[in-house]
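Below is one structure, written out as structure tokens; the observations come after it.
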Amino acid sequence: MALISLDSISKTVGETPLFTNVSFSIEPEEHIGFVGPNGAGKSTLLKIISGNLEPDRGTIIRKKNLFVSVLDQVPKWNDGDRIRDFLFRSADPLVQLVDRYERALQDPHSTPELITALNHEMEERGGYTVEHRFTSLLSELDIRDLSLPMETLSGGMVKKVALVRCLASDADLLLLDEPTNHLDIDTIEWLEQKLIQTGKAFVLVTHDSWFLDAVCNVIIDIDRQGVSKYPGDYSEYLERLEERDLMDAARERRRESILRVELEWLKRGPKARGGKDKKRKERIRDLVQGRPEASSPQTETFRTAQRRLGGKVLEIQQVNKSFEGRPIIKNFSYTISAGERIGIIGPNGSGKSTLLNLIAGTADPDSGAIIRGETVAIGYFDQTGAAMNGQTSILDYVQKAAERISFDDGTELTAEQFLERFGYPRPMQSQRIEKLSGGERRRLQLVRLLIASPNVLLFDEPTNDIDIDTIALLEDFLSRFRGSIIIVSHDRAFLEGTTDKLWIFDGQGNITSFVGTYGTWRDQQANQEKEGQKNLQKTTNLAPSNKIEKENRRSGANQKDKLTTKLTFKEKQELNRLLTEIEALENEKAALEASFAAPDGGLIKDGKAAVEAQKRYTAVLALIEEKTLRWEDLASRSDE
């Protein structure tokens with residue numbers, strides 16, 4: 001039986017119809033991701049499902065005694081709340097039981113009969129396990145003090161506490177609105193595992209395509225006042241969209257061919273056309289009216305002219321920065337070259353945004369210096385949009401950057417025309433910024449940044465609150481951008497698509513440089529962990545007798561090969577030298593890894609040397625694998 005069924009739901013906000021006659025159901029154990037452009041109504045539909053907002057028309061049928069747990073995009077708490085207060089101020093019936101029981105214990109007027117009844121209910125329903133659930137999940141996120149005031153927590157900490165309250169509930173259905181916002185990558189991966197392992201149904205809204213692909217088994221596309229439901233993960237959804245687009249294109253080509261023939265017929269004189277004029281004209285009218293609506297702006301339109309960037313871009317010289325005695329950045333040096341694409345990752349509060357502020361010049365280092373080249377024009381897309389005045393109109397905000405926007409091909413657009421390309425029609429351009437949704441504000445901030453034609457771009461969590469289509473537009477723009485880029489982001493897919501080097505913050509003030517994509521770095525981390533576990537197992541578990549037994553098994557399994565494919569003289573010589581070669585490569589690999597990890601090493605200061613070192617590291621890994629496989633093959637056929 002479905003948990004919730006929506007039948008012919010319609011909702012209009014202001015004068016904008018978000019969806020009309022929408023029908024779908026949510027089944028037990030469905031893991032649903034809502035996707036669609038900003039303003040399509042994803043968060044509104046979540047509120048309708050939760051019961052916090054009523055539709056204008058249509059009916060909603062909920063399973064009896066259904067309990068829904070909601071993670072709001074911006075968690076709210078009461079003044080003076082501590083973490084424990086926030087956790088126990090929940091709609092979860094079990095948490096409310098615990099709260100009633102504890103209040104009864106503290107109330108001197110509570111009768112023994114009431115205490116006994118509540119105690120019995122606590123035992124029957126598992127009320128005594130609630131606090132353990134909270135503390136267990138919080139400890140996994142390194143939060144142990146439940147007395148901390150909510151108002152003193154960072155955005156990331158608040159999101160973690162809100163997630164724990166949502167995940168620890170006895171809900172049948174979880175509704176999560178932008179659950180990855182403000183989280184670092186490690187916490188996002190923790191959340192992925194929790195959602196993958198849960199037996200509960202959930203619906204989430206997120207811009208994070210990597211996260212969607214990892215946790216969802218159903219995608220619901222919300223666009224043009226309707227919804228479409230696709231079984232499968234996000235990758236399968238994209239494949240189906242591509243198939244649908246190909247089919248639509250084929251139908252459109254066929255319709256255009258028929259229309260071309262019919263229009264030729266229409267151009268003839270009445271006598272040449274013959275009979276059945278009326279029906280044929282009606283058919284032509286239907287074909288014309290059947291033309292698809294104008295598509296949204298293509299990625300090619302997200303461009304402006306680019307300024308020249310000289311050879312000298314940025315020199316970071318032994319920069320140090322501390323807050324309240326805690327070192328955030330320690331003795332960091334790096335020379336940024338033209339065209340470098342650097343992603344910054346690390347735990348929340350480790351100093352990532354601080355480094356961007358130092359580079360942008362909005363903050364000063366405690367010691368050290370940042371020297372900018374003469375041709376450098378920095379564009380800074382900060383996390384909050386603090387420089388946006390809510391009372392300013394959309395058009396005025398953009399015109400302060402440029403009244404006319406030039407392109408590399410010599411063409412120009414007015415600010416009004418440019419805004420129209422990015423979803424801000426003329427009537428909307430006089431609207432004040434404060435009236436925009438979070439996603440519309442972020443997109444406007446992005447448009448303003450890019451039309452100023454910077455040649456060095458700094459991004460602090462650029463994908464927060466932006467829909468997936470706009471992220472794709474930005475990725476396309478950056479792929480053609482000839483300047484330098486530095487990006488702080490928790491969005492792994494975005495990092496993978498836009499950067500080829502990483503600065504990794506360890507939370508202790510140290511910054512390590514890695515040459516390669518985010519995916520390459522994660523693979524290396526995983527391989528190092530496996531290698532460490534393998535070496536530990538060999539050291540602790542493999543006694544000589546085990547080795548003999550292992551060799552005997554191998555000998556028995558390969559006896560036939562030994563008898564039929566004995567080694568030649570050259571192969572025996574090769575076998576004798578392979579172990580020495582593998583050992584030398586392992587030593588070189590270890591030396592390269594040590595140089596990558598050294599916070600004060602030469603590689604972190606020299607981008608070109610780091611590139612060459614990473615190339616060599618990749619080659620060494622391939623050689624080790626190749627020679628090890630060869631050694632195993634020869635050893636298995638050896639008579640010795």
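The values are calculated or read from the model by the stated rules, or taken from the named source; none is laboratory data. Nothing here was measured: the structure is a model prediction, and the numbers come from that model. Reconstructed Cβ throughout: ideal geometry from the backbone, glycine too, with neighbour counts over all protein chains shown. Accessible surface is based on the protein model in full, side chains and every heavy atom, while ligands, DNA and RNA are left aside. Shrake-Rupley method; radii C 1.70, N 1.55, O 1.52, S 1.80 Å.
Within the range 170-181, is even one residue under 20 Å from ILE83 (Cα atoms), open to solvent by 40 Å² or more (accessible area, probe 1.4 Å) and in contact with a Pro (Cβ under 9 Å, 6 or more places away or on another chain)? Yes, the range 170-181 contains at least one residue that is under 20 Å from ILE83 (Cα atoms), open to solvent by 40 Å² or more (accessible area, probe 1.4 Å) and in contact with a Pro (Cβ under 9 Å, 6 or more places away or on another chain). Which condition does PHE514 not pass, out of (1) open to solvent by less than 30 Å² (accessible area, probe 1.4 Å); (2) in contact with an Asp or Glu (Cβ under 9 Å, 6 or more places away or on another chain); (3) over 26 Å from GLU403 (Cα atoms); (4) in a strand (DSSP E or B), if it passes all the others? Every listed condition holds for PHE514 apart from (2).
Looking across the range 409-440, not a single residue is in contact (Cβ under 8 Å) with a residue 40 or more places away in the chain, among the polar types (S, T, N, Q) and more than 16 Å from ILE466 (Cβ to Cβ).
Taking the range 1-53 as the range and being open to solvent by less than 50 Å² (accessible area, probe 1.4 Å), charged (D, E, K, R) and assigned to a loop (DSSP other than H, G, I, E, B) as the test, only GLU30 passes.
Those residues that are open to solvent by 60 Å² or more (accessible area, probe 1.4 Å) and at pLDDT 85 or above, I need them from the range 413-424; list them, please. Reasoning before the result, please.
The first filter runs over the range 413-424 and keeps only residues open to solvent by 60 Å² or more (accessible area, probe 1.4 Å), leaving 417, 420-421.
GLN417 - this is the single residue of the range 413-424 that is open to solvent by 60 Å² or more (accessible area, probe 1.4 Å) and at pLDDT 85 or above.
For every residue, the table says whether it meets (1) surrounded by 19 or more Cβ atoms within 10 Å (Cβ to Cβ); (2) at pLDDT 85 or above.
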{"site": "ILE371", "(1), (2)": "no, yes"}
{"site": "GLY379", "(1), (2)": "yes, yes"}
{"site": "ASP396", "(1), (2)": "no, yes"}
{"site": "SER437", "(1), (2)": "no, no"}
{"site": "THR463", "(1), (2)": "yes, yes"}
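Taking the numbered list (1) in a helix (DSSP H, G or I); (2) open to solvent by 10 Å² or more (accessible area, probe 1.4 Å) in turn, LYS159 passes all entries but (2). Of the residues making up the range 479-495, those that are surrounded by fewer than 22 Cβ atoms within 10 Å (Cβ to Cβ) and without any contact (Cβ under 8 Å) to a residue 60 or more places away in the chain number 1.
Can you list the strands (runs of 3 or more DSSP E) lying wholly within the range 322-439 that have 1 or more residues being of a type in the set (D, E, K, R)? Break it down into steps so the answer makes sense when it comes.
Values: elements: 326-336, 341-345, 367-372, 378-381, 404-406, 412-414.
By residue number, 326-336, 341-345, 367-372, 404-406, 412-414.
Being open to solvent by less than 40 Å² (accessible area, probe 1.4 Å), part of a helix (DSSP H, G or I) and at pLDDT below 85, is that true of even one residue in the range 449-459? Looking for residues that are open to solvent by less than 40 Å² (accessible area, probe 1.4 Å), part of a helix (DSSP H, G or I) and at pLDDT below 85, one finds at least one in the range 449-459, hence yes.
What are the residues in the range 54-91 that are in contact with a Phe, Trp or Tyr (Cβ under 7 Å, 6 or more places away or on another chain) and either assigned to a strand (DSSP E or B) or open to solvent by less than 40 Å² (accessible area, probe 1.4 Å) (or both), if any? So that I can check it myself, show each step before the final result.
Taking the range 54-91 as the starting set, the residues that turn out to be in contact with a Phe, Trp or Tyr (Cβ under 7 Å, 6 or more places away or on another chain) are 77, 86-87.
Across the range 54-91, the qualifying residues are PHE86, LEU87.
Look at the range 454-470: where a residue is within 19 Å of PHE481 (Cα to Cα) and a partner is part of a helix (DSSP H, G or I) and open to solvent by 10 Å² or more (accessible area, probe 1.4 Å), sitting 6+ places away or on another chain with Cβ atoms under 7 Å, you get LEU458/ALA360; ASP460/SER353; THR463/ILE471; THR470/ARG443. Does GLN508 satisfy being open to solvent by 30 Å² or more (accessible area, probe 1.4 Å), touching a helix residue (DSSP H, G or I) at 6+ places or on another chain (Cβ under 7 Å) and either closer than 30 Å to ASP72 by Cα or not acidic (Asp, Glu) (or both)? Criteria not met by GLN508.
Here the condition is being outside any strand (DSSP E or B), in contact with a Gly (Cβ under 6 Å, 6 or more places away or on another chain) and among the aliphatic types (A, V, I, L, M); of LEU97, LEU105, it holds for LEU97 alone.
Of all residue pairs spaced 6 or more apart or on separate chains, those with beta-carbon atoms under 6 Å, a first member in the range 226-246 that is without any contact (Cβ under 8 Å) to a residue 40 or more places away in the chain and a second member that is surrounded by 12 or more Cβ atoms within 10 Å (Cβ to Cβ) and in a strand (DSSP E or B) are SER228/ASP221; TYR230/ILE219; PRO231/VAL218; ARG240/TYR230. ASP476 fulfils the conditions (1) modelled with pLDDT of 90 or more; (2) open to solvent by 10 Å² or more (accessible area, probe 1.4 Å); (3) outside any loop (DSSP other than H, G, I, E, B) except for a single criterion, (1). Within the range 122-132, the set of residues being open to solvent by 60 Å² or more (accessible area, probe 1.4 Å) and of a type outside the set (Phe, Trp, Tyr) comprises GLU123, GLU124, ARG125, THR129, GLU131, HIS132. Count of the range 2-55 residues, restricted to those that are at pLDDT 90 or above and among the small types (Gly, Ala, Ser), is 9. Given the criteria over 26 Å from MET150 (Cβ atoms), of a type outside the set (Phe, Trp, Tyr) and touching a strand residue (DSSP E or B) at 6+ places or on another chain (Cβ under 9 Å), does SER23 qualify? Yes: the conditions hold for SER23.
Entry remark, the range 462-507: residues being closer than 30 Å to PHE323 by Cβ and not aliphatic (A, V, I, L, M) number 17 in total. For the range 143-156, a residue qualifies if it is in a helix (DSSP H, G or I) and open to solvent by less than 10 Å² (accessible area, probe 1.4 Å), and the qualifying residues are MET150, GLY156.
Across the range 333-344, which residue is most open to solvent (accessible area, probe 1.4 Å) among those that are modelled with pLDDT under 95 and of a type in the set (A, V, I, L, M, F, W, C)? Filtering first and then ranking leaves ALA338. Residues considered: GLY483, GLY438. Of these, the only one that is out of contact with any Pro (no Cβ under 6 Å at 6 or more places or on another chain) and under 24 Å from ILE336 (Cβ atoms) is GLY483.
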